[in-house]
1. Just the residues that are β-branched (Val, Ile, Thr) and under 21 Å from LYS70 (Cβ atoms), please, taken from region 1-49.
2. LYS154 versus (1) basic (Lys, Arg); (2) part of a loop (DSSP other than H, G, I, E, B); (3) in contact with a strand residue (DSSP E or B) (Cβ under 6 Å, 6 or more places away or on another chain): which is the lone unmet condition?
3. I'd like the full set of residues that are among the small types (Gly, Ala, Ser) and within 22 Å of the chain's Cα centre (by Cα), limited to region 152-199.
4. Which numbered condition in (1) of a type outside the set (A, V, I, L, M); (2) surrounded by fewer than 16 Cβ atoms within 10 Å (Cβ to Cβ); (3) at pLDDT below 95 is the only one that GLY185 fails?
5. Tell me yes or no: at least one residue of region 38-50 is touching a helix residue (DSSP H, G or I) at 6+ places or on another chain (Cβ under 8 Å), under 23 Å from SER85 (Cα atoms) and modelled with pLDDT of 90 or more.
6. Which of the numbered conditions does SER24 fail, given that it passes all the others? Conditions: (1) surrounded by 12 or more Cβ atoms within 10 Å (Cβ to Cβ); (2) polar (S, T, N, Q); (3) within 39 Å of the chain's Cα centre (by Cα).
Amino acid sequence: MRLGLLAKKIGMSRFYDSLGINHSVTILKVDESNVVDIKTNEKNGYSAVRLSLGKSKRNNNKPVRGFLKKQNIPAFLFSKEFRVSETDNYKVGEKVSVNNFIEGQFVDVTSNSKGKGFAGGMKRHNFGGNRATHGVSISHRSHGSTGQCQDPGKVFKGKKMAGRLGNVQVTIQNLKVLKVDNENGIILVKGAVPGHKDSVLKIFDSIKKNQKIKPVNKDEADEINDSAQQQTKDNSSNLPNESKANTSENKGEPEQNTNLPEKETSNQTNESITNNTKNVDSNQNTNSMESNEKPNKNDNENNKDEVK
């Protein structure tokens, strides 16, 4: 068994993966999580690691102050134990980050659900209720009979009746980790998790999945972040250079085209075509002028004959 994490529920949002698919996710924040105590088989009979979450400025009582002084650690807000197979790799005061989990793995999340106060049988247990008309008065939403006759003479334990709804420990299994942000200490988990905003959650590896998980070390995570930042800087620096190169190529294109012989021949052929069209147009104009002059001469002769 591996070590889990304590986190705070920030709220829900959406996340677009590399394929552009929209996922509804829950944002979990891991802030100031340290190893507070270690339990071993030799001393305690079981092996576990106790983690803390957050910093506390409140006045602690005497037993808590003695524990903090003994472990030489600062005050914290919450703490939970996680069962582990080996405790040799952990030390008191060591910081635990979101690198404990990797993207793509499945986790289980445990927390107390939202408290909804006193509720009736229809809301709490999904009862159907009595009829709305005909012989039913006042008891439309009642849960009906709760026992038998004089024989048992009691109501059995566990009977579904009205009572307090919510504020119960709930575990949601097989939630996929979509994003792990080491810089901000944020984990994005697909789907909903129990609890209200700012509630404390326990996150641990999924029990029902056989996963071989190799957590990323701090040095490896720093290297990954540095390489990602360098890639973004290189891409941003290459963009203006590429634009300059494209502009220079566009400027150089007309100079190269003027030296090509094919362009000259095409220009010559275009000039010859335009000259031919001009000659054809001039011949057509002269023919039209001649045709216009001939009928004028015939008209003059006819006029002379009439005068005679």
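The values are calculated or read from the model by the stated rules, or taken from the named source; none is laboratory data. Model, not experiment: these values are computed from the prediction. Glycine also receives a Cβ, built like all others from the backbone with ideal geometry; neighbour counts cover every protein chain displayed.
1. Answer for region 1-49, where residues must be β-branched (Val, Ile, Thr) and under 21 Å from LYS70 (Cβ atoms): VAL35, VAL36, ILE38, THR40, VAL49.
2. (3)
3. Answer for region 152-199, where residues must be among the small types (Gly, Ala, Ser) and within 22 Å of the chain's Cα centre (by Cα): GLY185, GLY191, ALA192, GLY195, SER199.
4. (2)
5. Among the residues of region 38-50, at least one is touching a helix residue (DSSP H, G or I) at 6+ places or on another chain (Cβ under 8 Å), under 23 Å from SER85 (Cα atoms) and modelled with pLDDT of 90 or more, which makes the answer yes.
6. (1)
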